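Take a look at the structure set out below.
The values are calculated or read from the model by the stated rules, or taken from the named source; none is laboratory data. Just so we're clear, the structure is a prediction, and the values are computed from it rather than from any experiment. Because the Cβ atoms are built from the backbone with ideal geometry, glycine has one as well, and the counts that use them run over all protein chains shown. For the accessible areas, the whole protein counts, side chains as well, though only heavy atoms, and no ligand, DNA or RNA atoms are used. Shrake-Rupley method; radii C 1.70, N 1.55, O 1.52, S 1.80 Å.
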Amino acid sequence: MAMQPSDADAEPARLLATLRPDELSLLHWVRTRVDAAMVDEIAALDYGMHVEEYRGSIEDLMGVRRLPQRLPWRPGAVLGPASGREPAPDDPRGHVARLFACLVVVCTDDVVWAAGTLAGLVESALVLGPEPTAEALRFVAWCHLHHPGTWRDEPQTRPFLILGLLLLYAAAHDDPAGEAALRDAFVAGAGAAGEWRAVFKHAADGDRRQTWRILVADYLAGRDPQDDAARTMRTWFTPLPRDARRHRH
């Protein structure tokens, strides 16, 4: 019998309990690093219109006690594009701004590609270093436990929450057994969700599928090629040519 997604979700439960899942831990880290210039850049993304209104609505999000379930047109019209930007690796300000946009958008009912937005969040956290990576791990663990926004109604995308946990956990902890549990849980959950190409296409658009491929390729480099789950992941996430990855390194 095929493993159901709920069974796969239960696999890393004991590990997740040690991570102190938190809805706002990443926002607390980000909001002390988002300056007025970053807010202005995001607020101008709707072709420079209604900048003052966007600025005020973005600033309001910095102090929320719960992340919004739905985004009104302002600030949603600028946070969506901000979450889809591609900062260079040597642009920490760009990654802080994208991290903020992604963490808000990924929890809402409005996002079309929640798993794609998660890829941007994971990538920016990893680029920015150990502290945001640790806070992103707590945030994604919270998302995995509560399935906010479209994660609630799109169970076939939920294995990507485990994938995000795996990549962040591997960067934050030296724990091969924990990594193995998360790898196995991701492969089991994704396999139960359907045929892989259809699952991946449903989860993310083309740019973010590429982001996941790059992140997974970097993670798998040097991992045991005989590990069944790692081997499956190599099959699923075809490595990109080196020149397609040059802007990430």
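Spin-label model, VAL64 to ALA44: label points 7 Å out along the Cα-to-beta-carbon direction sit 2.5 nm apart. Please label the shape of the stretch 27-90 as rounded, prolate or oblate, based on the square roots a ≥ b ≥ c of the eigenvalues of the alpha-carbon gyration tensor (a/c under 1.5 means rounded; beyond that, a/b larger than b/c means prolate, else oblate). Note, shape of the stretch 27-90 comes out rounded. Counting heavy atoms of the protein chains alone, HIS28 has an accessible area of about 80 Å² for a 1.4 Å probe.
Where the only charges are on Cβ atoms (+1 Lys, Arg; -1 Asp, Glu), what is the dipole of the chain about its Cα centre, to the nearest 20 debye? Mind showing how you got there, number by number?
On the way: 28 positive and 35 negative charges, 61 e Å.
Using Cβ point charges on Lys, Arg, Asp and Glu, the chain gives about 300 debye.
For the chain, the longest principal axis of the alpha carbon atoms and the long axis of helix 92-105 meet at an angle near 80°.
The longest stretch of the chain left intact once loop-based trypsin sites (Lys or Arg not before Pro) with at most 11 other Cβ atoms within 10 Å are removed from consideration, loops following DSSP, is 71-249. The residues packed around ALA97, meaning those with a beta-carbon under 10 Å from its beta-carbon, carry a net charge of +1 if Lys and Arg are +1 and Asp and Glu are -1. Annotation: Cα Rg of the chain relative to the compact-globule expectation 2.2 N^0.38 Å equals 0.97.
Once R0 is set to 51 Å, what does the formula 1/(1 + (r/R0)^6) return for the Cβ-Cβ distance between ALA37 and HIS202, expressed as a FRET efficiency to the nearest 0.05? In this case the efficiency is close to 0.90.
Using Stokes-Einstein with the Kirkwood hydrodynamic radius over Cα pairs, what translational diffusion coefficient do you get for the stretch 75-173 at 4 °C and a viscosity of 1.567 mPa s, in µm²/s rounded to a whole number?
On the way: Rh = 13.2 Å.
Answer from the Stokes-Einstein relation: 98 µm²/s.
For VAL111, the accessible area of its heavy atoms, probed at 1.4 Å with every protein chain present, is near 20 square angstrom. With the charge dipole of the stretch 6-126 set up from +1 on Lys and Arg Cβ and -1 on Asp and Glu Cβ about the Cα centre, the Cα lying farthest toward the positive end among the listed residues VAL105, GLY63, VAL30 is that of GLY63. What the chain shows is 46 Å² of accessible area per residue, with the surface traced by a 1.4 Å probe over protein heavy atoms. With contacts taken as Cα pairs under 8 Å and at least 6 residues apart, the stretch 31-121 reaches a relative contact order of 28 percent.
Would you compute, from DSSP H runs of 4+ residues alone, the mean residue ellipticity of the chain at 222 nm, taking -39500 (n - 2.57) per run and dividing by the full residue count, rounded to the nearest 500?
On the way: 14 runs with 158 residues, N = 249.
Only helices count here, giving -19500 deg cm²/dmol.
The Cα-based radius of gyration and maximum Cα-Cα distance (Dmax) for the stretch 1-125 are 16.0, 56 Å.
Place a +1 charge on the Cβ of each Lys and Arg in the stretch 7-130 and a -1 charge on the Cβ of each Asp and Glu, then give the dipole magnitude about the Cα centre in debye, rounded to the nearest 20. If you can, show how the numbers build up before the last one.
Working: 12 positive and 19 negative charges, 62 e Å.
The calculated dipole for the stretch 7-130 is roughly 300 debye.
Given Cα pairs under 8 Å that are at least 6 residues apart, what percent is the relative contact order of the chain? Spell out each step's value before the answer.
Values: 337 pairs, mean separation 56.0, N = 249.
Across the chain, relative contact order equals 22 percent.
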